[in-house]
Structures are given as structure tokens and as C-alpha cells.
1. Along each principal axis of its Cα atoms, how long is segment 328-477 end to end? Whole angstroms, biggest number first, please.
2. Could you give the size of the charge dipole of segment 237-389 about its Cα centre, using +1 on the Cβ of each K and R and -1 on the Cβ of each D and E, expressed in debye and rounded to the nearest 20?
3. Below 8 Å, C-alpha to C-alpha, sequence gap of six or more: please give me the relative contact order for the chain in percent.
4. Using only Cα positions of segment 376-417, each an equal point scatterer, no hydration layer, compute I(q)/I(0) via Debye at q = 0.16, 0.18, 0.19, 0.34 Å⁻¹ and quote the log10 values to two decimals.
5. Roughly what percent of Cα-Cα pairs across segment 296-335 reach past 11 Å?
6. Bin width 10 Å, alpha-carbon pairs only: give the P(r) of segment 254-368 as whole percents, running from 0 to the bin holding the largest distance.
7. Near the amide H of Val478, under 5 Å away, which other amide H atoms are found, from residues 5 or more places off or on another chain, if H is placed in the peptide plane?
8. Convex hull over the Cα atoms of the chain, averaged projected area in nm²?
Amino acid sequence: MAHLKIKYCLLACLIVLSSCQHEPFNPLPNGNGNYPDAVATIIINKCATTGCHNNASYDGAGGLNLTTWDKLFEGGSTGAVVIPYRPDFSTLCFYTNTDSTLGPTLIPVMPVNSNPLSKEEYITLRNWIADGAPSATGNVKFADNPSRSKIYVTNQLCDVVTVFDTETLLQMRYVTVGNKTEEEFPRTVHVAPDKKHWYVSFFTTSGIVQKFSAADDRLTGELNLGAGNWTSFVITTDNRYGFFVDNNNPGKVAYADLENMQLLTTYTFNGKFRYPSGIALNENSHTLCVGNTTGNYIYAIDITERLHPAIKELVIDGTEDLLYHSTLNPADMITDKTSDCIVACSGSNEIRVVDMKTGAIKQAIPLGVSPVHMAYSSARNKLFITCPQDEQSFPGNKGSVVVIDMNTYTIDKKINSGYQPFGIAVDDNRGIVAVVNANLSPNGNKPHHSTNCGGRNGNVSFIDMKTMELIPGMRSEVAVFPYGAATR
């Protein structure tokens, strides 16, 4: 009997062992890395492997370490590779997709020297990112701090705004803007002084300005200004009102209530606005200064009575003759706490400091190249100017950022930020300057990636104001034709 019992026990063990062989068992070599299990099976087993994106090899693999969810969100040499909720801007998808009907494809196909992901595996990754690319515990990256410091960049040919996390300088979100199916070319972005909202205007005749919550970057309202190329605007320090410029001939300036998103009135100047461009507000003197794309003057607008402004053309070249043809061509402007207006003159290749009360030219600072946009650091009293057509300062590159010491009105230095810099924004708290490089020309920096927007990706670089040098290794690709920038 004892022998018979042992025989039956052995038979039972064989049956159990035999049944276990039918259960799949594929242990992850490093655990799940805080990825959801289905995603971990793909990334840990096929991507974070020897010679690729693991701890030992990632430096030679674009600087991208995929061993854990946290490492993934440290990005690679061109910035973030996964944008939560946006597989259409996540390059991890582009390199693992082999079916163009499912989304963008790029080469080399990953994993390198191995079988590509199956359609089902790719869709698993894509759907995970579309759901926010959460960790195994359900956390979505950059969703934990509504007061997070950010940088916003408009992308004109994709109708999106790229949102950067200022702490890591990585792309954290892509926000679709506009309300039409055709391209609307988002141009200018500004954050309200209280940092609770940001606003974007458009280059085409869409007629709208959109308002977003800066806490979660969700659309909260639209303001209809009427048909126009609303290329530039300014927000009052109480966050309540905005003044918007229509770059047409004749153009106009719209005055709006941003709290209720209502147009209050439109300044037409009896049809005398000729391609107005750029706007700055000095609330101490109740004055708006508005530029124009041709001429030797700016528009000085007394808004003491905002519904009944007093508008005049203020000549800023030291003469008394008003010229409408190409001369100084004041394209952008900034005001300070005095009555001065700092004017970027694209036609005369200089910066002019103008007393808005008297029209006197206090300073004329020659740059040698055409300025386009400016940003001011009040903490350091420095002016940063983008000059996208500069081909002399850095041979082989087109564009420069000129830094002016506003204590002495002299040029501190010129910085090679990238190819064709346009938008620029200062973050005095972090001590950085974000520079948007359009990179439109085939002679520019060759992008590592492309999107389904068509055209060449641009990039954003960052200046450390302590050293006045670019932060090394932090030139991050964004979508096609990036233009405007703002900091929160």
C-alpha cells in the first residue's frame, strides 16, 4: 500500500508539473520599472536591453534610458520622447511604428538589429501614451503641481503650443490651439501677470484669441476680435484687460475684457493704422506704444480714457517729417517703469530708446543686424534681442541673440542660439532665457525627427544668465515653425 501511495503521489506531481508548462512565464529582468505590466513587457524586454537603452548603454543610444518610467521622462539628447496624451508628438512611437497608416514612422526602426514591434505591441504603446503614459501606480508625469513653472512656445505650422517644464527644460505637453480644421498659425503667446492663464493669438484671419488655464493647460474661453491678423498683444498688470494689434493696412487695435472674454471697443484711428506691429503698455503714463512694419514713427496712444483714446504718430528718427516708406521700421517694443519705450528698428538695424512723453530719442544702439523680438530681464537689467537674419556673427549659422546692458546701453555679447531665432522669453526666477529657433532653411540644423505636420522641426535652446552661455545639451526639438515664447 505504501508503494502504491508513492506511485500515485508521483503521478500527481507529474500532472501538476505538466500543467504548469502551459502557463506563460517571461520574467522581466529588472522588474517592471514602474511601467504598467503590458508596457513593461515591451520596453524592458525589447528596448532597455544590452547595447541599447539600459543603464550601461544609454549614452550611446541618444542619451535615452528606458530602464524605468522615471528614467524615460528624463528624455534623451533632443528632449522628451514621450509626451503624455500625445502619441502624435511622441518620438518613441515614431521609431517603433512600421505602419504609416497608424502614425508617423522614422528610421532606424527600433529595436535596432532585432525584430520590430508587432502591430499589437505598437498599438499597446500608442494607446498607453494616449491615456497619459501613466506609471504602474497610475501617476501621470507633470500632473502633480498646478503651480509648476512653464515655458510656452507656439508652433505656427502645426497649430499647437509646446509646453516645457522649466525645472527640467523638457517638453511636457502639446496643446492643440485654434478652432478650425485648416491651419490658423498660432503666433503670439503671453502668460497673465498672476500666472493663472495664458493666451494665444493667430496670424491668419481667424479673429479669435484663446484663453487657457495655466494650472492644467485646458481651454477656458475664446475671445472674438473680428477678422484680422492679431499678431501681438499685451495684458494689463491687473490681469483684467488686453490690447491686441491687427497687422493689416488699415489695421486696428482691439481693447478687450479678458475676465469676461468680451470685446469692449476697437481703435481704428480713422483708417490711419498702417500695418501696426508690436505693442507695449506703460500703465504709469497710461500710454500704449505700437510699431509698424514700415516708416520712421510709432503710434503713441494715450489710454487715460480707454474707450476714447488719443492717438498720434510719433516720429522717432530725430526729424519732423513723417515717412511711410521703409526707414526705421519699428517692429517690436518694450516699455519700462519710466516713460521710455524700447523700440527694435528692423529697418535701421538698431535699438532706440524713446521718451513717450516728449518723443525724444534717449539712445540709439546700433546692432549691425536686423532685430525682430526682444525680452527684458529686470533682475539683471539686460535686453535680449533675436536677429534671425544675422549671417556675419557666426559664419555657417543664420541668426544670433544680442545681449545689451541697459545700464550702459552697450552690447555685452552675441550668442549663437541656433538657426533663425525668433521668439524669446526671460525667466528671472530661474535665471534662464528661452530662445525659439525656427530652423526653416535646409541649411539649418538638421532635425532628428519629423511629425505629421509637414516641414522641418524647429528647436528651443536656453541661455544661462549667470554665464551668458547656452545650457549644454539642452536644445530640444519642437514642431514645425516655432515662433513665439512666454514664461510662467
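1. 51, 33, 28
2. The dipole magnitude comes to about 180 debye.
3. Across the chain, relative contact order equals 9 percent.
4. -0.41, -0.49, -0.54, -1.10
5. Distances greater than 11 Å cover 67 percent of the Cα pairs.
6. Using 10 Å bins, I get a P(r) of 14, 48, 30, 8, 1 for segment 254-368.
7. Distant-sequence amide H within range of Val478: Gly458, Asn459, Val460.
8. 28.4
Read-outs: derived from the displayed coordinates by stated rules, not from any lab. Just so we're clear, the structure is a prediction, and the values are computed from it rather than from any experiment. Cβ coordinates were reconstructed from backbone atoms using ideal geometry, including for glycine residues, and neighbour counts include every protein chain displayed.
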